[in-house]
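Report on the following structure.
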Amino acid sequence: MGAPVTNRPMDRYRDAIVAALAKIGFKKRAGYAFTLDLAPNVLGWLGLNRATRHHGPGEVEINPIIGVRFQDIERLVAECRGEKFHAYQPPTIGSPLGYLMPENKYMAWMFVPGRSEEVASDMANAIATHGVPFMRSAVDLADVRPRLQECFGVADQLDYRRPAASLLAGDVEQARALLDNSLATLGARTDLAAEDFRRFAKSLRGRLPPP
């Protein structure tokens, strides 16, 4: 029997991608997220951003996002935000793969009918060569805290993770200073995002010892 017919172009390449990534140790999660065990409570994280607009029929452009997820940081952030802890989403820090490569620019892999295994293998090789070393270079709090300051991640989400990481590292004064700075930046904003951060900050402050 032939391959199943699908109206979603990405589905044509799924098996080739999953197989190529499994060879370098990645476990498929829901959607197109993948994880790699790095250390206790630390996961390598891979997400595949897809684009089909402005491409030919059946073509998919994939931009891999490389990340590291620190479960202790994410658990603390979730608790202080009043959210349920997720097993692997989101990454704590992350970067498009292309910016971890020598070219230091946007890189994507174009999947077209008839070349799925070849392109998946090339993409997996780039991830193994440039993405996995980035993951393995940040497996403890001493490694990740500078990365959080260097904006490896979504800017507004880093505001949550920077003070949480500082508290877990025992740097209480830095955690307090980061919260103060972020709250000052909010000013008089009353939108949902601002109120969410204020609730988070209040909860995290409750875990800090008195100044």
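The values are calculated or read from the model by the stated rules, or taken from the named source; none is laboratory data. Here the structure is a predicted model, which is why all the values come from computation and not from measurement. When we count neighbours, we look across all protein chains shown, and the Cβ atoms used for this are built from the backbone with ideal geometry, even at glycine. In case anyone asks, the SASA skips ligands and DNA or RNA and just uses the protein heavy atoms, side chains included. Shrake-Rupley method; radii C 1.70, N 1.55, O 1.52, S 1.80 Å.
Odds and ends about this structure:
- Per DSSP, loop trypsin sites (Lys or Arg not before Pro) in the range 101-154 with at most 10 further Cβ within 10 Å: 105
- Highest average first, the peptides 23-30, 190-197, 73-80 ordered by how many other beta carbon atoms sit within 10 Å of their residues are 73-80, 23-30, 190-197.
- Karplus (6.51, -1.76, 1.60) ³J(HN,Hα), θ = phi - 60°, over the range 75-88, in Hz, Gly and Pro reported as x: 5, 5, 4, 4, 4, 6, 8, x, 10, 6, 5, 9, 5, 8
- Calculated P(r) over Cα pairs in 5 Å bins from 0, in percent (choose from (1) 1, 8, 16, 21, 22, 17, 9, 4, 1, 0, 0, 0; (2) 1, 7, 14, 17, 16, 13, 11, 9, 6, 4, 2, 1, 0, 0; (3) 1, 7, 15, 19, 19, 15, 9, 4, 3, 2, 2, 1, 1, 0, 0), label: (2)
- Helix axis angle, 155-168 relative to the chain longest principal axis, alpha carbon, degrees: 60
- Area accessible to solvent at residue 107, 1.4 Å probe radius, in Å²: 40
- Ligands, DNA and RNA left out, the accessible area of the chain computed with a 1.4 Å probe is 53% carbon and sulfur.
- Converting phi to 3J(HN,Hα) with the Karplus coefficients 6.51, -1.76 and 1.60 and the offset θ = phi - 60°, the range 142-148 yields 5, 7, 7, 4, x, 5, 5 Hz in sequence order, with x at every glycine or proline.
- Per residue, in Å², the accessible surface of the range 10-90 once ligands and nucleic acids are set aside, probe 1.4 Å: 48
- Relative contact order of the range 1-139, pairs being alpha-carbon contacts under 8 Å that are 6 or more residues apart, as %: 25
- Our helix-only sum for the chain, with -39,500 (n - 2.57) per DSSP H run of n ≥ 4 divided by its residues, gives a mean residue ellipticity at 222 nm of -13000 deg cm²/dmol.
- Per-residue HN-Hα couplings for the range 36-47 [Karplus 6.51, -1.76, 1.60; θ = phi - 60°; Hz; x = Gly/Pro]: 9, 5, 10, 7, x, 6, 9, 10, x, 10, 9, x
- Accessible surface calculations at 1.4 Å, restricted to protein heavy atoms, place the range 119-211 at 51 Å² per residue.
- Relative to the dominant Cα principal axis of the chain, helix 14-23 is inclined by about 70°.
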